[in-house]
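In what follows, a structure is listed as structure tokens, so that the remarks can point back to it.
Readers should treat all values here as calculations from the given coordinates under stated rules, not as data from a laboratory. Remember, it's a predicted structure, so these values are computed and weren't measured experimentally. FYI the Cβ positions are ideal-geometry reconstructions off the backbone, even for glycines, and counts take in every protein chain you see.
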């Protein structure tokens, strides 16, 4: 029986393998790490956010410029199908208060274990510590494994190699030049859902690194969102920063100038109310105590005000109020790609047919984060990886059936 090779054992690769095996094809899945699904397990460490419950049109909007291309694949295997699929593996899910969907036990490991049992039961052959290293002159895939280098010639290939973040878990981006050498256009890999650098003073860094700013509204350009983020030694990171990261990254890249993030530190207070409260006589109270008593601002929020205002400005009530409601925080650079939650860039979607086959390399399909799309955290990343993995597996199965007949 002729086999299909799936290169990469993350969610996209595993889903491609499942679709192929369900279509009656023999599948060899190659994973570079000692076990599959390592980034998937890490993503689930704080509670696996599998997908999101918002209506599909709004859900699809989170993919930005890639929306129309991803739409048919996500419509075929989107949030509802993904929850049903998990249920078939014995994992129930629920919708959290934010609309995010989680397994009832919040864990990724039981889902992955059940999935691997089903795949192995269906005949999927999982081979670990197998590094793909490109193609040789004969057109074979070259591999490096525990027994040394070797080559394989599968009937079709699904590449699900991830992007360029978290290299220690297998997403190294090493595949980029190999595909480019075959005439495939690849958009540069860039950090997505990433942290940013800020030129903190030594005092602020030492005092507040690791502290969270909660219940703030962040604005960049036309985008505003309420949430929280964390001060780090080098800058800022966290869910609220990730939600706006694409626009801020693009601004820095395009202008070589800082992206200025505007923060409302007291969204529950109007300017008028703040001015009234902070204009009250503070008597013997310090400015810090006055801020805490009248505006509920202390800790890192108060520290951030002192970071951007001189002492005389802290005593200027109108100036203080304006800064509380619209603090301007210059972000000088993104943090390195390897630290990012995910990556943007990859194989350009116009290089692929509707079955996710690379037009320039017949019989080779791509899926997951190695494709040129990005999305915020919140279940959107995993959903698109599952959906494109399934689409690539089904595309490869159709191509196999048309090319060489059923296997």
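Would segment 202-277 count as rounded, prolate or oblate if I go by the C-alpha gyration tensor, calling it rounded below 1.5 in a/c and otherwise prolate when a/b exceeds b/c, oblate otherwise?
It comes out oblate by the Cα gyration axes.
Would you mind computing the Rg to Rh ratio of the chain from its alpha-carbon coordinates, Kirkwood style for Rh?
My calculation of the ratio gives 1.06.
Using Cα-Cα distances under 8 Å and only pairs 6 or more residues apart, what relative contact order does segment 196-334 have, in percent?
Relative contact order of segment 196-334: 31 percent.
So what is the orientation-averaged projected area of segment 196-334, using the convex hull of its C-alpha atoms, in nm²?
Quarter of the Cα hull surface area: 8.1 nm².
Given axes a ≥ b ≥ c from the Cα gyration tensor, I'd like to know whether segment 60-217 is rounded (a/c under 1.5), prolate (a/b larger than b/c) or oblate.
oblate
Go through 115-123, 228-236 and give me the packing order, highest mean Cβ count within 10 Å leading.
Sorting 115-123, 228-236 by mean packing, highest first, produces 228-236, 115-123.
Angle, helix 67-76 long axis vs. longest principal axis of the chain, Cα atoms, 0 to 90°, nearest 10?
So the helix axis and the longest Cα principal axis differ by about 60 degrees.
Does segment 1-56 come out rounded, prolate or oblate by the C-alpha gyration tensor, with a ≥ b ≥ c the root eigenvalues, rounded set by a/c under 1.5 and, if not, prolate when a/b is larger than b/c and oblate if not?
oblate
Kindly provide the helix-only [θ] at 222 nm of the chain, computed as the sum of -39,500 (n - 2.57) over DSSP H runs of four or more divided by all residues, to the nearest 500 deg cm²/dmol?
For the chain, the value works out to -11000 deg cm²/dmol.
Which angle from 0 to 90°, rounded to the nearest 10, does the C-alpha axis of helix 239-255 make with the longest principal axis of the chain?
90
Between 193, 285, 293, where does the largest GNM mean-square fluctuation fall for the chain, given springs only between Cα atoms within less than 10 Å?
285
I need 325, 289 ordered by Cβ neighbour count within 10 Å, fewest first.
Least to most surrounded, the residues fall as 289, 325.
What's the exposure ranking of 245, 279, going from fewest to most Cβ atoms within 10 Å?
279, 245
Rounded to whole Å, give me the distance from the Cα center of segment 40-70 to that of segment 93-129.
16
Once you wrap a convex hull around the alpha carbon atoms of segment 278-407, what is its projected area averaged over all directions, in nm²?
12.4
So for segment 1-117, considering every pair of alpha-carbon atoms, how many percent are separated by more than 26 Å?
25
Taking Cα pairs under 8 Å and at least six residues apart, what relative contact order does the chain come out at, in percent?
25
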